[in-house]
Amino acid sequence: MDNPLGIPLGIPLGIPTTVVGAYPKPGHVPVSDWFDLPDRDYARRWADEMAAAGDEAEASFVRAASEVIADQVEAGVDVVTDGEVRRENYIHYHCRHLTGFDFDDRADTTMRGFLTTTLPTIVGPVTAGEAFLPHDWRTARASTDRPVKVTIPGPLTITDSTVDRFYGDRAALVADLARAVNAEVLALADAGCTHIQIDEPVFARRVDDALAFGVEALATCFAGVPDHVVRTVHCCCGYPRHLDDDDYEKAPPGAYLEIAEAIDAAPIDRFSLEDAHRPNDLADLLPRFQDTTVILGCVAIARSRLETVDEVRSRLTEALRHIDRERLIAAPDCGLGYLGRDLARAKLAVLCEAARTV
């Protein structure tokens, strides 16, 4: 893919940079940030908050997207996101626009294998509704000349963040979700969006499902996408319960090694993985990606300690021993919502300075 960042050729770039998705919401945003909800009932508040905000909500979202994009651009990020400022969380916002979901009849369950929470239910066939993400992308794109990446929850991850009362067959549900996601992906591509990311952290927790039908679902998600669109998949090892929670049970440390070859064979361009909170054996992992560009998590998103430029640069230098420079991108481990805006800006500045000087 020729110069996908749209930056003039001949200028030394170092290592390109991007972000994964979520960013701390500015205070004027009418929707609660799910990182700050202690009861983890993400689905409960969004509709009430949107109703209370009324016609003023859209202006607040547009302003917020512009503000968080400005933070990213000032730090030096090459491919930005709108910070998911409209979303109560990165999964359920999308599900509200699909058929088959019931957000009033919620159920208490265990998510990610151990986290007790309250989730919406699936009560009928899942299909795509009217496309909504092109609007979100256009309003964000209007505030910057940088490429704006749009993030979408992956089918397998959606199944682990909802309660199925209809299908009784995870593979069948994933297949329908993939077709619904594909409709939104194609609408984004038609609108002009050139960076689309599917978030599949549950790949690291359900490796068997990922290999049996999850990777195939990714192919469905991106089916028919033009070659000029950069197809990215993100897979972190799990959000903690709170900032500086080092006892959080992340996905098994060997998960990336188990799925790497299948991901590399999938019809995607970039794979985003976590490396700062829990470093990988890069000598073992990175050579498994023969064709795919790796977006390497270089700053931790749930630790208050600010990394140094030297630390991040050193990790990127180590990565370059095991992967071509043209196939390495620097990023945070995951979304930045836990950090607060000041710390998020500081961590992005460190990331970008290190990447520029590798």
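Every number here is computed from the coordinates shown, using simple stated rules; none is lab data. Predicted, not measured: the structure shown is a model, and the values here were computed from it. Virtual Cβ from ideal backbone geometry, glycine too; neighbours counted across all protein chains shown.
Here is how the number arises for the chain: DSSP H runs of 4 or more residues each give -39500 (n - 2.57), the sum is divided by the residue count, and the result at 222 nm is -10000 deg cm²/dmol. Judged by the mean number of other Cβ atoms found within 10 Å, the most tightly packed of the peptides 87-97, 280-290 leads the ranking 87-97, 280-290. Couplings 3J(HN,Hα) for the range 217-233, derived from phi with the Karplus relation 6.51 cos²θ - 1.76 cosθ + 1.60 (θ = phi - 60°), are 5, 4, 4, 5, 4, 9, 4, x, 6, x, 5, 6, 7, 7, 9, 10, 10 Hz, where x marks Gly and Pro. When the charge dipole of the chain is built from unit charges on Cβ atoms (+1 for Lys and Arg, -1 for Asp and Glu) and taken about the Cα centre, the candidate among Phe166, His228, Leu188 whose Cα reaches farthest toward its positive end is His228. Once you have the Kirkwood Rh of the chain from its Cα pairs, apply Stokes-Einstein at 4 °C and 1.567 mPa s and quote D in µm²/s. D, rounded to a whole number, is 64 µm²/s.
Counting neighbouring beta carbons within 10 Å and listing from fewest to most, the residues Arg138, Arg341 come out as Arg138, Arg341. Once the Cα-Cα distance is subtracted from the 0.36 nm per residue extended length, the Tyr248 to Glu49 segment shows a gain of 68.7 nm. Exposure proxy for Glu249, Glu56, Glu274: other Cβ atoms within 10 Å of each Cβ, ordered fewest to most, give Glu56, Glu249, Glu274.
In terms of Cα to Cα distance under 19 Å, which aspartates and glutamates are near enough to Lys250, apart from those fewer than 8 places away along the same chain? Within reach: Asp160, Asp199, Glu200, Asp208, Asp209, Glu258, Glu274, Asp275, Asp281, Asp333.
Rounded to the nearest 20, the Cβ-based charge dipole of the chain about its Cα centre (Lys and Arg +1, Asp and Glu -1) stands at 420 debye. Between the C-alpha center of the range 129-207 and that of the range 223-293 there is a gap of 17 Å. Residue by residue, what Karplus-based ³J(HN,Hα) values in Hz, rounded to whole numbers, does the range 235-248 have, using 6.51, -1.76 and 1.60 with θ = phi - 60° and x for Gly and Pro? In residue order, the calculated couplings are 9, 8, 9, x, 6, x, 7, 6, 4, 6, 9, 7, 8, 4 Hz.
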